[in-house]
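**Q** One structure, pasted below without further comment.
Laboratory data are not the source of any read-out in this text; all were calculated from the coordinates shown. Just so it is clear, the structure is predicted and the values come from calculations on it, not from any experiment. Note that we place each Cβ from the backbone using ideal geometry, even for glycine, and neighbour counts take in every protein chain shown.
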Amino acid sequence: MLLHEVGPNKGARKSRIRRGRGDASGYGSFSGKGCKGQNARSGGGVKLGFEGGQTPLWKRMPKLKGFRNPNRVAFLAVNLLKIENNYENGETVNELTLLEKGVISSTNSPIKILGSGELTKKVTFENVAFSSGAKAKAEKSGSTIVGADAE
């Protein structure tokens with residue numbers, strides 16, 4: 001056996017179909033394209049998404065406006081007024097205590113303290129974010145900030 005004599009196994013390679021070579025070939029006459037019509041023509045057929053002239057689905061859908069940031073962090077907002085009403089001096093404000101007192105309904109999102117209302121009590125804030133106004137009011141009341149927004 002020589003290298004130039006080596007070939008594929010018998011039946012491993014199929015010969016291509018030669019269309020339009022007479023009726024005896026089995027692919028003469030209409031060459032496997034049926035009878036007349038758009039798909040029987042040379043270069044015939046329709047583009048992807050064509051729906052026979054009906055307005056296509058992609059045109060019937062509304063255009064999306066704006067942009068949705070996939071990396072956006074959605075905070076649960078808690079105002080200082082809620083802290084003032086639900087907490088006593090010396091207590092700790094964190095996810096668990098806010099959940100226990102019913103100020104928030106879930107701990108799936110991070111918490112941000114907003115500055116609506118006044119804070120007169122000295123409480124300890126643990127692992128919560130602050131708006132600039134809320135942070136100033138919390139520091140003015142003598143509260144301590146531990147964790148997320150601590151400096």
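**Q** Need one word for the range 12-107: rounded, prolate or oblate. Basis is the Cα gyration tensor (sqrt eigenvalues a ≥ b ≥ c); a/c below 1.5 gives rounded, then a/b vs b/c decides.
**A** Numbers: a/c = 7.51, a/b = 3.80, b/c = 1.97.
Note, shape of the range 12-107 comes out prolate.
**Q** Please give me the summed charge of the neighbours of Glu84: other residues whose Cβ is under 12 Å from its Cβ, Lys and Arg +1, Asp and Glu -1.
**A** Numbers: positive: Lys82, Lys121, Lys122, Lys137; negative: Glu88, Glu91, Glu118.
Result for the local shell: +1.
**Q** Also, quick follow-up: Apply the Karplus curve 6.51 cos²θ - 1.76 cosθ + 1.60, θ = phi - 60°, to the phi angles in the range 90-103 and return the couplings in whole Hz, x for Gly and Pro.
**A** After applying 6.51 cos²θ - 1.76 cosθ + 1.60, I find x, 6, 9, 9, 8, 3, 5, 5, 5, 5, 4, 7, x, 6 Hz.
**Q** How do 1-9, 138-146, 43-51 rank on mean C-beta neighbours within 10 Å, highest first?
**A** Ranking, from highest mean packing down: 138-146, 43-51, 1-9.
**Q** For Lys59, what is the net charge nearby, where nearby means another residue's Cβ is under 15 Å from its Cβ and Lys, Arg count +1, Asp, Glu -1? Mind dumping the intermediate values first?
**A** Working: positive: Lys47, Arg60, Lys63; negative: Glu51.
So the surrounding residues net to +2.
**Q** Moving to a separate point now. What's the local net charge at Lys101, with K and R +1, D and E -1, over the other residues with C-beta under 12 Å away?
**A** Details: positive: Lys82; negative: Glu88, Glu91, Glu95, Glu100.
Here the charged neighbours net out to -3.
**Q** I would also like to ask the following. Under the rule of at least 5 residues apart or a separate chain, name every residue whose amide H is placed under 5 Å from the amide H of Ile111.
**A** Answer set, sorted by chain and number: Leu76, Ala129.
**Q** Which far-off residues, 5 or more places away or on another chain, put their amide H under 5 Å from the one on Asn79, with H placed in the peptide plane?
**A** Leu114
**Q** Related question: Classify the range 74-138: rounded, prolate or oblate, from the alpha-carbon gyration tensor (a ≥ b ≥ c, eigenvalue square roots; a/c under 1.5 rounded; otherwise prolate if a/b is larger than b/c)?
**A** oblate
**Q** Right, another one. Which value, in debye to the nearest 20, describes the size of the charge dipole of the range 1-78 about its Cα centre when Lys and Arg Cβ atoms bear +1, Asp and Glu Cβ atoms bear -1, and nothing else is charged? Can you show the working numbers first?
**A** Values: 17 positive and 3 negative charges, 56 e Å.
Here the range 1-78 has a charge dipole of around 280 debye.
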